[in-house]
Amino acid sequence: MPIKYDDEKCYQFHTKDVPDRCFVCSDNSTRLLIVRQIESMMLVHLCPDCMVNDTSGYLLDNTRPWLGEKGKI
């Protein structure tokens, strides 16, 4: 089933995600990436190390459509 990117449900975080900790290792990293967990298709926070160590389980998801005015910087 394809994701409808204009649907707010596609941008919900996993219920076990904590915004200031890595979803996998629970590290309180200063740099966390917001990625999509393939298994649940929900967003989670990952530290860069966990993202690199499990690239098959997570997707960088920057597919949300631009909703602002086009042509302005």
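The values are calculated or read from the model by the stated rules, or taken from the named source; none is laboratory data. Not measured: the values here are computed from a predicted model. Virtual Cβ from ideal backbone geometry, glycine too; neighbours counted across all protein chains shown.
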Using beta carbons and a limit of 8 Å, which pairs, at least six apart or on different chains, have the first residue in region 39-56 and within 22 Å of residue 12 (Cβ to Cβ) and assigned to a loop (DSSP other than H, G, I, E, B) and the second one of a type in the set (D, E, K, R) and modelled with pLDDT of 90 or more? 47/27; 47/31
Scanning region 24-43 for residues that are of a type in the set (Val, Ile, Thr) and surrounded by fewer than 17 Cβ atoms within 10 Å (Cβ to Cβ), which turns out modelled with the lowest pLDDT? 30
